[in-house]
Structure formats: structure tokens, C-alpha cells
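Peer 1: A single structure is presented below for examination.
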Amino acid sequence: MSRRPRITALVRWLPFAVVAVNLLLWSTGVVDGAQAALLVVVLEASLLAVVLAEFAAMRVVFRRARSRGAGRAQAALVSLDACLPPGMAFLVRQELTVMLALPRLLRRSPRIPDTTTVRAAGPVPVLSCAVLALAVPGCVLSPLVGGPGWLSWVLFGVSLYAACYALGLWALHGTEGHLVGRTQLRVRHGATTDLGLPLTGADSARVDPRTHRGGPVSVDGDTLTVALFGRTNVTVGFAHPVRAEFPDRDPVEVTRVRFFADAPEAAVAAIGAALPRKRP
């Protein structure tokens with residue numbers, strides 16, 4: 001696409017704007033259903049080159065993410081940035097990230113020998129249970145709501161969506177954790193980020209509660225931060241820069257990583273046991 005961000009954003013919004021405008025015209029009675037459908041087909045056909053170019057860019061980003069070690073679902077989420085406007089891509093990616101995690105509730109995480117799992121769910125289990133406590137009664141009681149019939153269906157749909165979202169959020173953060181092996185630390189953010197860092201170059205690990213105002217996974221200078229709801233409580237330092245590879249951006253070298261753990265003291269103890277021993 002164009003190197004000018006504003007033009008690129010405008011072109012990416014056009015296919016969605018065509019559908020939105022036609023829905024508005026149909027809902028206000030300016031055109032009937034057949035005319036609105038015909039307008040959508042004609043206008044979208046005129047934008048066919050734009051749509052094809054966006055899907056081609058999406059395919060390139062998908063393959064690049066796969067070559068960097070991302071799974072199919074993770075690569076598909078990364079590729080959304082190539083074809084959707086930034087705001088829409090962010091919203092769609094957040095929803096799909098949670099919903100695609102639902103199958104993890106039915107799978108058992110494989111046990112890796114000589115590896116300690118550090119849980120990093122934070123307040124997610126409590127939050128999920130609170131949402132389920134409201135959503136499940138909504139699904140059960142929605143048929144008893146008086147008024148027009150569509151109101152019961154809307155209440156049922158919203159309650160069912162909330163229940164699925166709560167379960168997906170639990171699956172996203174409650175079924176995965178950081179992994180501490182003999183030679184490698186794998187820092188995870190839910191089920192979407194898995195960064196492997198060599199412990200052979202690590203020289204310190206400490207409990208270090210902090211508040212992070214950036215994104216959940218960000219790099220600031222030589223510090224990699226993997227936060228959960230804006231919080232980290234473990235810091236691992238490296239004697240020399242280590243390489244961190246991402247599926248959606250270029251690799252970076254860092255000398256410090258911060259992340260969140262449910263039991264930071266246990267996480268530090270596990271990492272400390274794996275640190276190379278210094279000779280006297």
C-alpha cells in the first residue's frame with residue numbers, strides 16, 4: 001500500500017465504509033434491500049484491487065510470522081494488522097485472541113521434563129468467575145423476560161457471549177505459565193506470546209513489583225516487559241545482551257526482562273536455581 005499513512009488508512013476503511021453507508025441508507029428507507037445489495041456489490045467490485053492487495057499483504061505477514069516460529073492462530077492474528085484499519089484490527093485481534101483460546105480448556109498442557117511452570121494468571125480467575133456468575137443466570141432467565149420476543153434473544157446472546165468471553169479469558173491466562181528450564185526461560189503472555197531467553201547469560205533474578213504503562217509486551221531500550229494488567233513483579237538481568245524474537249516485529253537484544261508471576265518468590269527461586277554458578 002501507499003507509504004503515506006493517511007492514504008493507507010483511508011483506503012483500508014473504504015470497503016467497510018461502503019457497507020456501513022448502505023446499511024444506513026437501507027435502515028432509513030432511502031433504498032430497499034435489493035438496491036442496497038446491488039450498490040454494495042457494484043462498489044465493492046470497484047474496490048476489488050484494494051481488497052486483493054490487502055489479502056496479499058495479509059498472506060505475506062502470515063508467512064513471515066510462521067517463519068519466525070508463530071503458530072497458525074498467532075500468525076493469523078498478527079496478519080490482521082496488514083489488512084484492517086488499526087482500530088478495527090486491535091478490536092478484532094483482542095476478541096479473536098480470547099475466543100480462539102477456548103479449546104485450551106479441553107486440552108491438557110504437556111509436561112516438560114526438568115522444567116518448572118510459573119503461573120501468571122493474576123486476577124483473571126476471579127474476574128472470570130464474577131462474569132460467569134452474571135452471565136449464566138442471564139442465559140437461563142432470558143426466556144422469562146417479558147416484552148417483545150427479540151428482547152429475550154438479545155439478552156440470551158449477550159449473556160452467552162459474556163460466558164464464552166469469561167471462559168476464553170480463563171483459558172488464555174489460566175492454562176499457560178512461564179517455563180523455567182535448565183538453560184532457558186520462556187516468558188509467556190497468555191497463549192499468544194512465548195519468548196525464549198537463554199538462562200546461561202542470566203546473572204540475577206529478584207522480586208521487583210512495578211507498574212507498567214505500556215502495552216502487555218513491549219521493549220523500552222534494553223528492557224523487555226511482559227506485563228499482566230499493567231503489572232510486573234519479577235526482574236531477570238543478563239550479563240550480556242540476549243536476543244528476543246517476536247512473530248510480529250524484528251528481533252531485539254535486551255539485558256533485562258520484567259514479567260508478572262502469581263508467586264514471584266517461587267519464580268525467583270526457580271530461576272535462581274537454574275542460574276550458572278559463579279566460580280570463587
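Peer 1: Can LEU106 be described as surrounded by fewer than 16 Cβ atoms within 10 Å (Cβ to Cβ), at pLDDT 80 or above and within 30 Å of ARG182 (Cα to Cα)?
Peer 2: The answer is yes for LEU106.
Conditions (1) surrounded by fewer than 18 Cβ atoms within 10 Å (Cβ to Cβ); (2) touching a residue at least 24 places away in the same chain (Cβ under 8 Å); (3) not assigned by TED's automatic domain parsing to the domain that holds VAL257, marked per residue:
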{"residue": "ALA166", "(1), (2), (3)": "no, yes, yes"}
{"residue": "ARG182", "(1), (2), (3)": "yes, yes, no"}
{"residue": "VAL187", "(1), (2), (3)": "no, yes, no"}
{"residue": "GLY190", "(1), (2), (3)": "no, yes, no"}
{"residue": "THR200", "(1), (2), (3)": "yes, yes, no"}
{"residue": "ASP203", "(1), (2), (3)": "yes, yes, no"}
{"residue": "VAL207", "(1), (2), (3)": "yes, yes, no"}
{"residue": "ARG210", "(1), (2), (3)": "yes, yes, no"}
{"residue": "ARG213", "(1), (2), (3)": "yes, no, no"}
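Peer 1: Which one is modelled with the highest pLDDT among residues in the stretch 209-229 that are of a type outside the set (S, T, N, Q) and in contact with a Ser or Thr (Cβ under 6 Å, 6 or more places away or on another chain)?
Peer 2: ARG210
Peer 1: Hey, another quick one. Can you name the residue in the stretch 38-52 that is at pLDDT 75 or above and not β-branched (Val, Ile, Thr) and, of all such residues, is surrounded by the most Cβ atoms within 10 Å (Cβ to Cβ)?
Peer 2: Of everything passing the filter in the stretch 38-52, LEU39 is surrounded by the most Cβ atoms within 10 Å (Cβ to Cβ).
Peer 1: I'm told VAL98 meets every condition in (1) modelled with pLDDT under 90; (2) surrounded by 14 or more Cβ atoms within 10 Å (Cβ to Cβ); (3) out of contact with any Phe, Trp or Tyr (no Cβ under 7 Å at 6 or more places or on another chain) except one. Can you identify the failing condition by its number?
Peer 2: Every listed condition holds for VAL98 apart from (3).
Peer 1: Let me ask another. What number of residues within the stretch 215-244 satisfy the criterion of being under 27 Å from GLY71 (Cβ atoms), touching a residue at least 24 places away in the same chain (Cβ under 8 Å) and exposed (fewer than 14 other Cβ atoms within 10 Å of the Cβ)?
Peer 2: Number satisfying all stated conditions: 1.
Peer 1: Looking at (1) over 15 Å from the mean Cα position of the chain (by Cα); (2) outside any helix (DSSP H, G or I); (3) buried (at least 18 other Cβ atoms within 10 Å of the Cβ), which is the only condition SER128 fails?
Peer 2: (2)
Peer 1: Moving on to the next point. Could you tell me whether any residue of the stretch 75-93 is more than 30 Å from ALA49 (Cβ to Cβ) and among the aliphatic types (A, V, I, L, M)?
Peer 2: No, every residue in the stretch 75-93 fails to be more than 30 Å from ALA49 (Cβ to Cβ) and among the aliphatic types (A, V, I, L, M).
The values are calculated or read from the model by the stated rules, or taken from the named source; none is laboratory data. Here the structure is a predicted model, which is why all the values come from computation and not from measurement. Cβ coordinates were reconstructed from backbone atoms using ideal geometry, including for glycine residues, and neighbour counts include every protein chain displayed.
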